[in-house]
Amino acid sequence: MSAINLEFHQAPGIACAMAKALFLRRKGFKAEVGMPEINASWYGAQADQGALKDYCETLDIEFTNTLPVLYPHVMAGGMHMHMLTHKVFPIGLLGAVHLKNTITQHKAIAISDKMDIHAQMGGFRLTAKGVEFDFTTQVKIADDVVWEELSIYFMAGKFGGKENPSTETSFDLASLDNMSDVASWSVPKNRGKKYASISGDYNPIHTSKYLAKLFGFKRDIAHGFGILAQAVNQSELANKTNISAGKCQVDVIFKGPLYLENDASLKQAADAVSDTQEQRFDLFSGSNPKPSICASIKSL
């Protein structure tokens, strides 16, 4: 199959992509076939100040003249949606779980900067429980890569990984011991709908208590990247650091749901509180003793 190349010169609309996610039947993933080659580019992208202000206000992040470190992922979200819902993509979006991300910011991006955003479908790995698949995103300013990420998704199923798992594995984060409380905040009832209006991610598990139950959750859950953005910000405030303003890397593993109308509790190793170069933290939902998000941010 020849490569699929999607090209945008304005913010990609998501209505059509969402319809495909809900109604378009998929062929199903086959390891012997692999993933299709899908590329997408948005030329001349620029942050919308109104949308950015809504993002910062919703997540209680200070609005400045540069983009928050996770915001380029939000800008690329519509493009990602068109890739993951393309008719040749074999996996249904509602059946896939966003598992991990590595983000590298080489240089802070000014609100006024004009960018070219490129995304590309990557490889896959078979595991005992299903298949992990990757795609990469790059943000360029005048041909210089200023921000990039690797996104890893997971689809449960029998694809041969139990008998013949891939030798390559995705990254992991060391567990935290002797944790101390860093910050906590309440996740409001309307967070799912509010963040959906900002990010374009209207997955029903985030916007409807009743539909979320159909997917196995006890109620609607917060968007992982929205909660992660708050966690990075709260970690920096608590530790009096500003790692995300410069050259840095963010690694995250999404372990489980963080439910709306629950408290989010941020914890980190007690001996790392004063570290100004790297912060490794876990985020917990309500009284659940298992973390919902494990993440780190470090200077490069």
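From a point 7 Å beyond the Cα of SER2 in the direction of its Cβ, which residues of the stretch 109-141 have a backbone N at a distance under 19 Å?
121
Stretch HIS106-GLN120 to full length: gain in nm at 0.36 nm per residue minus the Cα-Cα span?
Extra length available between HIS106 and GLN120 comes to 3.1 nm.
Please tell me which of these pairs span more than 28 angstrom C-alpha to C-alpha: LYS218/LYS240; LYS209/LYS298; LYS27/LYS290; LYS53/LYS240; LYS87/LYS114?
Violating the 28 Å Cα-Cα cut-off are LYS218/LYS240; LYS209/LYS298; LYS27/LYS290; LYS87/LYS114.
Order these by the 10 Å Cβ neighbour count, fewest first: SER112, SER166.
SER112, SER166
How high is the relative contact order of the stretch 175-300, given as a whole-number percent (alpha carbon pairs under 8 Å, six or more residues apart)?
For the stretch 175-300, the relative contact order is 30 percent.
Using only the alpha carbons, work out the radius of gyration and Dmax of the stretch 130-221 in angstrom.
Final numbers for Rg and Dmax: 18.5, 47 Å.
Taking neighbour counts of Cβ atoms within 10 Å as a proxy for exposure, in what order, fewest first, do LYS267, LYS218 appear?
Final ranking by Cβ density, sparse to dense: LYS218, LYS267.
Could you sort the peptides 68-75, 32-39 by per-residue average Cβ neighbour count (10 Å cutoff), highest mean leading?
Most protected by this proxy first, the peptides run 68-75, 32-39.
7 Å from Cα along Cα→Cβ at both GLN277 and LYS290: what's the point-to-point distance in nm?
Taking the simple label geometry, GLN277 and LYS290 are separated by 3.5 nm.
Tell me, what is a quarter of the convex hull surface for the C-alpha atoms of the chain, in nm² with one decimal?
15.4
Ignoring solvent entirely, what values of log10 I(q)/I(0) come out of the Debye formula for the stretch 192-300 at 0.12, 0.14, 0.23, 0.24 Å⁻¹ when each Cα is a single scatterer?
Taking Cα atoms of the stretch 192-300 as identical point scatterers yields -0.44, -0.58, -1.21, -1.27.
Name the residue from TYR71, GLY160, ILE297 whose Cα lies farthest towards the positive end of the charge dipole of the chain, charges +1 on Cβ of Lys and Arg and -1 on Cβ of Asp and Glu.
With unit charges placed on the Cβ atoms, the residue in question is GLY160.
Note the full-extension length gain between LYS247 and ALA142 as 0.36 nm times their separation in residues minus their Cα-Cα distance, in nm to one decimal.
36.0 nm
Contour minus end-to-end for LYS129 and HIS98, with contour as 0.36 nm per residue of separation and end-to-end as the Cα-Cα distance?
9.7 nm
Determine, for GLU236, GLU7, GLU278, the number of other Cβ atoms within 10 Å of each Cβ, and report the residues in order from fewest to most.
Listing GLU236, GLU7, GLU278 from fewest to most nearby Cβ atoms yields GLU7, GLU278, GLU236.
Since every read-out is calculated from the coordinates, none of them should be taken as a lab result. The structure presented is a predicted model; accordingly, all values stated were derived computationally and were not measured. All Cβ positions, glycine included, derive from the backbone under ideal geometry; neighbour counts span all protein chains shown.
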